[in-house]
Amino acid sequence: MAAVRRIRSCFPLLQPRCHGATPATRTPHHAAAPGAFWPRRASPLTSRGLALSASRPTATGDLPGGHRTRVSREDEAFMEDSEVEELFLQQTPALGDGRHRVFIVHPDVKWGSRKQHLTTAELMMAEAVGLVNTLDSWTVVDTVILSTKTPQKKRIFGKGNFQALTEKIRQTAGITAVFVNVERLSPLSEREFEEAWGVKVFDRYSVVLHIFRCNARTKEAKLQISLAEIPLLRSRLKNEIADLDQQGGGSRYIGGSGETLFEVQQRLLKERELKLRAALERLRSKRHLLRSQRQHKEFPVVSVLGYTNCGKTTLIRALTGDAALQPRDQLFATLDVTVHAGLLPGRVAVLYVDTIGFLSQLPHQLIDSFSATLEDIKHSDLLLHVRDVSHPETVNQKVNVLNVLKNLRVPETLISSMIEVHNKIDLVDDYRPAEANALAISALEERGLQELKAAVEDRILNCTGKRVVDLRVDLSSPQLQWLYKEAAVQDVQVNADEGSAVVKVIISTAAYGRYRKLFSGG
């Protein structure tokens, strides 16, 4: 029965619930403070391939025509805050007491389909160190890069290397966890490692999810993280049941119900997963409504994407002048996808969507959990791909970003029209882009922004069907006032003698049709 009680304590799904009960208060471990990551001139971090986002869309900035500066904030009344918080806090996978001294192991695959050709083992280890250092209460004790020919095997390494690694881990004082730098460990591998090393074992999936959990603030972020944690809970359940089986209790039935402990937990996890997916589907519908509202107001949407810590938020702050944006030099500083309004040189109002950074080597289950918010990219009018050209793996990061966009089924026309922005040129002496169509900027020093705004405006006009036209207006009529409200007025040449003016405007096809209907002969 002691083993059964241990299963129950590890998995609160089996605990009796009291109506109206409030989950215990828990303070998450926040990510490192600004500047606590790496100095910008020596940032070794690499992030390859997966955009993760959890959103509460907002829009800020001055728009023409009297529109409110804050376009919208989602009404999240579909689920009570207390219910989301209970799911979020109750479901936490076992990560110890939250404070860890970590030994990092990176399997260096020498050949085969799993070998990384555009990076090095040292850079991949630097990325793993960066992930651990992002967590405020985690520290790296030691690291080791170990060659392997059999990464798909249970122990990943050959017998000799595994024994040597086990001895090194056991001889290193103060270790509380081992981080194996692979996408996902199987439950069998995780159990094998923990038995051999006597400490908690994490993979990239669990570490990144823990970073997200520590940074989660909005309801949708917490729901998506809770959904992404279901596979971890299932793996943990298999390990716990395996331990119970060894003690002769794994097949016991619960209260004569005919269900084993394992079957009950599997069923309850499935019910929770369905509930989370239903809640997120309702959020998906709300986001679709918000997109429809933006399209109705004819605001072009520009999604700013790239790998984590590449300077997206800094760039959007520079493009919009939104002082409320506070970029931080760390991984996944925010999980909120936000929308910020700005004006292009021709006074065309656009909405810049700030997305969460990309990261590589994460399994499909994690992508699936965040699929609702990734749809924002597919429904944009234009994409800005921001690259940190000071990073040693900037080419590898570009390849992986493009692969993820294709995997997300982003329309090819949208990818082909994407503007590539080479950021952080202030960290590279005499930088010149190798790509012909790339724009070199420093978002921090606000260099190259006028050229970028002009390029954005040109692409927006082409893809949205807006046109630049000269209209002769009667100054005694409301024509000019109407144009200021419904179009982007660039220039007004007044002829006082005739009481008229020639107005240069950027106007959509729909608005131009309404203008001609209202003011025939204009």
(Q) Test of understanding: among SER235, SER257, which residue is small (Gly, Ala, Ser) and at pLDDT below 75? (A) SER257
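How many residues does segment 446-456 hold that are under 25 Å from the mean Cα position of the chain (by Cα) and either at pLDDT below 95 or farther than 15 Å from ARG387 by Cβ (or both)?
Qualifying residue count for the region: 4.
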Q) Given the conditions (1) part of a loop (DSSP other than H, G, I, E, B); (2) surrounded by 20 or more Cβ atoms within 10 Å (Cβ to Cβ); (3) at pLDDT 85 or above, and given that ALA318 satisfies all but one, which numbered condition is not satisfied? A) (1)
Q | Among (1) surrounded by fewer than 22 Cβ atoms within 10 Å (Cβ to Cβ); (2) at pLDDT below 80, the one test that LEU343 misses | A | (2)
Q.
Kindly evaluate GLU263 against the criterion of being touching a helix residue (DSSP H, G or I) at 6+ places or on another chain (Cβ under 9 Å) and at pLDDT 60 or above.
A. no
Q.
Quick check on my filter: what residues within segment 101-119 are surrounded by fewer than 16 Cβ atoms within 10 Å (Cβ to Cβ) and not aromatic (Phe, Trp, Tyr)?
A. LYS110, GLY112, SER113, ARG114, LYS115, GLN116, HIS117, LEU118
**Q.** Close pairs (6 angstrom Cβ cut-off, 6 or more residues apart or separate chains): assigned by the TED database to the domain that holds THR314 in segment 386-410, open to solvent by 60 Å² or more (accessible area, probe 1.4 Å) anywhere
**A.** ASN396/LEU118; VAL410/LYS378
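Restricting attention to segment 292-301, and to residues there that are in contact with a strand residue (DSSP E or B) (Cβ under 6 Å, 6 or more places away or on another chain) and either crowded, with 24+ Cβ neighbours inside 10 Å or not in a strand (DSSP E or B) (or both), which single residue is modelled with the lowest pLDDT?
PHE299
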Q: Considering each residue of segment 442-452, count those that are among the acidic types (Asp, Glu) and open to solvent by less than 80 Å² (accessible area, probe 1.4 Å), and give that number.
A: 0
(Q) Which of the numbered conditions does LYS200 fail, given that it passes all the others? Conditions: (1) open to solvent by 50 Å² or more (accessible area, probe 1.4 Å); (2) out of contact with any strand residue (DSSP E or B) (no Cβ under 7 Å at 6 or more places or on another chain); (3) at pLDDT 80 or above; (4) closer than 24 Å to ARG184 by Cα. (A) (2)
(Q) Restricting to segment 125-137, name every residue that is in contact with a His (Cβ under 7 Å, 6 or more places away or on another chain) and open to solvent by 10 Å² or more (accessible area, probe 1.4 Å). (A) MET125, ASP136, SER137
Q. Is there a residue in segment 429-436 that is open to solvent by 20 Å² or more (accessible area, probe 1.4 Å) and either β-branched (Val, Ile, Thr) or under 21 Å from TYR352 (Cα atoms) (or both)?
A. no
Q: Output the residues belonging to segment 453-509 that are among the charged types (D, E, K, R), part of a loop (DSSP other than H, G, I, E, B) and open to solvent by 70 Å² or more (accessible area, probe 1.4 Å).
A: ASP497, GLU498
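Is it true that LYS238 is out of contact with any strand residue (DSSP E or B) (no Cβ under 8 Å at 6 or more places or on another chain), surrounded by 22 or more Cβ atoms within 10 Å (Cβ to Cβ) and touching a residue at least 12 places away in the same chain (Cβ under 8 Å)?
Numbers: out of contact with any strand residue (DSSP E or B) (no Cβ under 8 Å at 6 or more places or on another chain): yes; surrounded by 22 or more Cβ atoms within 10 Å (Cβ to Cβ): no; touching a residue at least 12 places away in the same chain (Cβ under 8 Å): yes.
Considered against the rule, which asks whether it is out of contact with any strand residue (DSSP E or B) (no Cβ under 8 Å at 6 or more places or on another chain), surrounded by 22 or more Cβ atoms within 10 Å (Cβ to Cβ) and touching a residue at least 12 places away in the same chain (Cβ under 8 Å), LYS238 comes out as no.
The values are calculated or read from the model by the stated rules, or taken from the named source; none is laboratory data. As the structure is a prediction and not an experimental result, all values here were calculated from the model. Neighbour counts run over all protein chains shown; Cβ positions are idealised from the backbone, glycine included. When the accessible area is computed, the model is the full protein with side chains, heavy atoms only, and any ligands, DNA or RNA have been set aside. Shrake-Rupley method; radii C 1.70, N 1.55, O 1.52, S 1.80 Å.
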